Amino acid sequence: MNEAGFDCEAMVVDISSRDNILDMIKTGQKYGEISMLINSAGVSPSQVPIEAILKVDLYGTAVLLEEVEKVIKNGGVEVTISSQSGHRMPALTKEEDELLATTPTDKLLSLEILKPENITDTLHAYQMAKRCNEKRVMAESVKWGEKGARINSISPGIIVTPLAIDEFNGPRGDFYKNMFAKCPAGRPGTADEVANIAELLMSEKGAFITGSDFLIDGGATASYFYGPLKPTK
């Protein structure tokens, strides 16, 4: 980015820490008002334990959205990169969805549905985190709208990235390979295909879009519910 003519400063940020998030925001404000943010922070269910997934993907994202909302510029826009996993878990009740959307951030991890005894494995934790991302974005869009700003989320499927390559060779590798082989697109996605959606959402062409989630998974979720990826009972 620096070589392309932008003024950039790289930071290593643990978004499970509110103090670290505030430090990141202050660093960004050195360059002026914050008008755009893409949050792609997250950890994999194949690489870390349940606690880390909930602390980073769920709690950390909620804190980030909360703190950036306080400083986002009028006309600003944010995109959270979530995951198809939030769409593939069993439906939650209306009350549970509302708790994920509106519970004060510092009390999120105390919710009954997020207690360790109610989380079956790392994939379940990841699915809950991504469902929470989508619901928090929806709820936050109301607050952001009061400041003339927009916020949306994108839920990608299997996208070819260094992390995905690691997962393909990990304990769930066969699961992922089977998923993209049997989805309607017949392949994994690419980073630029996700970026195309982000570009739309962050441009004037997406000015009427806020509080929404965009599933971009080559039809894997459709196949999970109605096609060859449907679990057998």
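Values quoted throughout were computed directly from the atomic coordinates according to the rules given, and no laboratory measurement underlies them. Nothing here was measured: the structure is a model prediction, and the numbers come from that model. Quick reminder, even Gly has a Cβ in these numbers, built from the backbone with ideal geometry, and neighbours come from all protein chains shown.
A compact table of results
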quantity	calculated
Estimated FRET transfer efficiency (I209, S40; beta-carbon r; R0 25 Å; 0.05)	0.85
Potential extension, M11-A185 segment - 0.36 nm per residue separation minus Cα distance	59.0 nm
Charged-residue dipole, Cβ positions (Lys, Arg, Asp, Glu), the chain about Cα centre, Debye nearest 20	640 debye
Of V56, I15, I34, farthest towards positive along the dipole that unit charges on Lys, Arg, Asp, Glu beta carbons give the chain	V56
For the chain: relative contact order, % (alpha-carbon pairs under 8 angstrom, 6 or more apart)	21 percent
Those residues of region 158-202 whose amide nitrogen sits under 13 Å from the label point placed on Y226, 7 Å along Cα→Cβ	184
Cα centre as origin, Lys/Arg/Asp/Glu Cβ charges: region 30-86 dipole, Debye	120 debye
For region 62-154, size of Cβ-based charge dipole, Lys and Arg +1, Asp and Glu -1, in debye	320 debye
Calculated log₁₀ intensity ratio I(q)/I(0) where the Debye formula runs over C-alpha points of the chain, q = 0.08, 0.11, 0.16, 0.17 Å⁻¹	-0.30, -0.57, -1.24, -1.39
Farthest positive-ward along region 41-177 dipole, Cα basis, beta-carbon charges - from L65, G145, Q127	G145
Filtered chymotrypsin sites (Phe, Trp or Tyr not before Pro), region 104-210: DSSP coil and at most 11 other beta carbons within 10 Å	F208
Charge context of D174, other residues only, Cβ under 14 angstrom, K/R +1, D/E -1	+2
Using a Förster distance of 41 Å, the FRET efficiency for K30-E96 (Cβ separation, nearest 0.05)	0.55
Selection from F225, I154, L108 lying farthest towards where the dipole of the chain points positive, charges on Cβ	F225
Dimensions in Å of region 82-134 - Rg and Dmax from alpha carbons	10.3, 27
Between region 23-100 and region 118-193, the Cα center-to-center distance that results, in Å	12 Å
